[in-house]
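Below is one structure, written out as structure tokens, with a few remarks after it.
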Amino acid sequence: MATLKCVCCDKALTPVQDEPECFQPELGVTCTARGNFGSTVFDPLAIEERGNELLFFLCDTCLVAKRESIYLLRVKRRKPTPATNYLSH
Ligand SMILES: [Zn+2]
């Protein structure tokens with residue numbers, strides 16, 4: 001079983017499934033970070049490292065407590081439109 005711990009309060013979190021590769025906590029969320037130019041500790045630029053991400057966890061209690069510091073990235077809902085304008089014989 002994977003060891004999951006809240007990155008904020010260090011509380012141990014239980015995986016939702018009893019499997020070694022389960023990285024989804026009960027009562028918490030799985031977070032990833034791709035790094036960025038501004039970080040001096042994680043910015044995977046080397047070709048063999050591109051796309052690497054950090055994986056960590058946040059318990060629901062801390063998620064709510066820190067809500068003023070968290071952003072939501074919405075996935076824009078797309079409406080189906082007729083393809084006749086784009087497809088021709
Ligand atoms: Zn926590």
What full-extension length gain, to one decimal in nm, is calculated for residue 85 and residue 21 as 0.36 nm per residue of separation minus the Cα-Cα distance?
-> 18.5 nm
Tabulate in residue order the Karplus-calculated ³J(HN,Hα) for region 54-59, using 6.51 cos²θ - 1.76 cosθ + 1.60 with θ = phi - 60°, rounded to whole Hz; enter x for Gly and Pro.
-> 7, 10, 8, 10, 9, 6
Extending each Cα 7 Å along its Cβ direction at residue 32 and residue 77, get the distance between those two points in nm, one decimal.
-> 2.5
Quick one: which residues, 5+ away or cross-chain, put their amide H under 5 Å from the amide H of residue 22? H built at 1.01 Å from N.
-> 2
Rounded to the nearest 0.05, what FRET efficiency is calculated for residue 41 and residue 5 with R0 set to 25 Å and r the Cβ-Cβ distance?
-> 0.85
In cubic angstrom, how much convex hull volume per residue do the alpha carbon atoms of the chain span?
-> 239
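Throughout, read-outs are computed from the coordinates displayed, never taken from laboratory work. This one's a predicted model, so the numbers in the text were calculated from it and none came from an experiment. For neighbour counting, all protein chains shown are included, and Cβ atoms are generated from backbone atoms with ideal geometry for every residue, glycine included.
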